[in-house]
């Protein structure tokens, strides 16, 4: 498989004056980051896609185990990920931020993710 390369702003990368493609581990990295940034109902072509940040995560009394389950499910269902090796969440109440650190096996590589989620 392959996908169109996106830049750091999530726009199509046109630095080479043509479309570039990503494959294998780079494609999995890009796809995983896209999935983590997509809110439930955001994509007009399929409103069932995305993480229910507003509906289930951005609540005062959200259980961290529910958040973990939702994000782990999204990770496991990312195309190309064969196995989740580690999956850690840390919530910083003062900064009101959630950090996800994960290590997965995709194709023949170990990929490490670190993301501060919306």
> Filtering the stretch 1-22 down to residues that are touching a residue at least 24 places away in the same chain (Cβ under 8 Å) and under 24 Å from residue 105 (Cβ atoms), which residue is surrounded by the most Cβ atoms within 10 Å (Cβ to Cβ)?
Replying inline: 5
> Does residue 29 fit the bill of being part of a helix (DSSP H, G or I) and closer than 24 Å to residue 11 by Cβ?
Replying inline: yes
> In the stretch 23-47, which residue that is within 22 Å of residue 112 (Cα to Cα) and free of Cβ contacts under 8 Å to residues at least 60 places away in the same chain is surrounded by the most Cβ atoms within 10 Å (Cβ to Cβ)?
Replying inline: 27
> Which of the residues belonging to the stretch 55-77 are in a helix (DSSP H, G or I) and under 16 Å from the mean Cα position of the chain (by Cα)?
Replying inline: 57, 67, 68, 69, 70, 71, 72, 73, 74, 75, 76
> Just a yes or no: is a residue in the stretch 86-93 in contact (Cβ under 8 Å) with a residue 60 or more places away in the chain and touching a strand residue (DSSP E or B) at 6+ places or on another chain (Cβ under 6 Å)?
Replying inline: no
> Looking at the stretch 78-118, which of its residues are within 25 Å of residue 1 (Cα to Cα), under 15 Å from the mean Cα position of the chain (by Cα) and not in a strand (DSSP E or B)?
Replying inline: 78, 79, 80
> In the stretch 1-22, what residues are touching a strand residue (DSSP E or B) at 6+ places or on another chain (Cβ under 7 Å), part of a loop (DSSP other than H, G, I, E, B) and within 20 Å of residue 112 (Cα to Cα)?
Replying inline: 5
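Only the coordinates and a few stated rules stand behind these numbers; no lab work does. Treat the numbers as computed from the prediction; the structure is a model and nothing was measured. When we count neighbours, we look across all protein chains shown, and the Cβ atoms used for this are built from the backbone with ideal geometry, even at glycine.
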